[in-house]
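Nothing in this text is a laboratory measurement; each read-out follows from the coordinates by a stated rule. In this text the structure is predicted, and so the values were computed from the model without any measurement. We place every Cβ from the backbone using ideal geometry, glycine too, and count neighbours over all the protein chains shown.
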Amino acid sequence: MIVPWCVDVPQERRPVINWLIVAASIAVFALQITAFARSASDPAAAAGRNAVRGITDVMILNGWSLTGLFGHIWIHGDLMHLLGNMWFLRVFGNAVCAKVGNLRYLVLYVLLGTTAGVTHLLFDSRPALGASGAINGVVGMYLVLFYENRITCYWTPILIYWRQFTVGSYWMIGFWLFWDIVGAARADSSVAYFAHLGGFGAGFAAALYMCKKNWIVMERYEKSLWQWWQQRKAQRSRMSPGPAVPSLRADTRQERSRHEPTAPPQTAGPTAVGRDRVRYPACPSTAPATSSENEIRFACTCGKRIRVPARFAGRYGQCPRCGARVRIPELF
């Protein structure tokens with residue numbers, strides 16, 4: 001068993017709404033226990049079961065009812081169900097609530113729980129209750145906002161032996177997500193795995209969209225998954241080749257056919273750019289060009305020093321390091 005203990009996320013504001021959600025869930029569970037106790041001890045109450053157990057019967061997710069879709073996230077099946085959900089909500093919900101803001105977090109929590117309920121109804125017809133779908137949505141948001149942060153966890157093979165370890169958020173959350181997928185594929189458990197997956201996907205997508213719209217402000221020491229993706233795209237665009245540059249080899253053959261039809265081809269010695277196949281430099285030269293009888297030597301702004309045969313002076317080419325287009329200098 002693995003239990004998350006804390007996350008290394010600084011909180012710029014107090015997550016008041018998340019505390020209130022935890023308190024409300026505990027209060028609703030107390031009402032459930034009271035109703036069950038009355039039903040068990042009072043014969044009259046047992047006869048009027050629907051009136052006594054109404055808070056559970058009405059709020060449980062059982063078919064396409066609005067009360068079930070919005071209400072199932074506030075009720076739980078037993079004490080361990082409640083404690084497990086509220087513990088995860090404390091660990092991850094405080095960080096997300098402090099980042100997105102209290103009022104916005106309340107709306108998101110309810111919508112994520114509703115989306116989890118809809119996903120469950122689409123793939124599983126059994127009744128369901130509990131906040132785990134909404135909490136998995138919060139975990140999905142946490143992954144987008146704090147994927148670089150670390151989670152301190154405790155694990156145990158038996159309840160009397162506990163060990164602590166710290167791991168990256170994406171590894172630990174990915175591990176939990178993997179088992180949710182396995183559970184949904186087996187479809188033989190009492191756990192509402194499809195609600196978990198639906199809530200997680202909705203939270204992940206919502207956080208990405210909010211980052212894209214700059215509705216969430218990341219601090220200098222933070223980087224969201226959206227920022228990482230944008231930086232990666234920019235890096236790949238810088239590395240991608242520009243417009244096609246005419247082949248120097250083809251130009252050389254044309255020049256030889258026009259000006260040196262009977263001259264044997266000149267063969268340059270091995271250089272940084274190959275034998276008799278010169279690739280143009282990627283950027284304007286920054287060091288003075290020098291020459292010998294058969295070659296030109298110069299440097300690009302990227303720092304790459306290039307040697308080309310002198311007959312290519314004045315042409316354009318591509319640097320073997322940078323890949324951009326540049327003009328080979330002419331010597332006078």
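A few points about this structure:
- The residues neighbouring I173, those whose beta-carbon lies less than 14 Å from its own, together hold a net charge of -1 under the Lys/Arg +1, Asp/Glu -1 convention.
- Counted charge near F146, where neighbours are those whose Cβ lies closer than 14 Å (Asp, Glu -1; Lys, Arg +1): -2
- Sorting the segments 218-228, 155-165 by their residues' average number of neighbouring beta-carbon atoms within 10 angstrom, most packed first, yields 218-228, 155-165.
- Contour excess over end-to-end distance, with Cα ends at L159 and H81 and 0.36 nm allotted per residue: 26.3 nm
- Counting charges near V3 (Lys, Arg +1; Asp, Glu -1) among other residues having Cβ under 13 Å from its Cβ returns a value of +2.
- Rounded if a/c under 1.5, otherwise prolate or oblate - segment 155-207, Cα gyration tensor axes: oblate
- Dipole of segment 2-235 [Lys/Arg +1, Asp/Glu -1 at C-beta], most positive-end residue of N62, V182, W19: W19
- Sorting 73-83, 95-105 by their mean Cβ neighbour count within 10 Å, with the most densely packed peptide first, gives 95-105, 73-83.
- Förster radius 41 Å - calculated FRET efficiency between Y221 and I26, Cβ distance, rounded to 0.05: 0.75
- Around the Cα centre of segment 2-235, unit charges on the Cβ atoms of Lys, Arg, Asp and Glu (plus for the first two, minus for the last two) sum to a dipole of about 540 debye.
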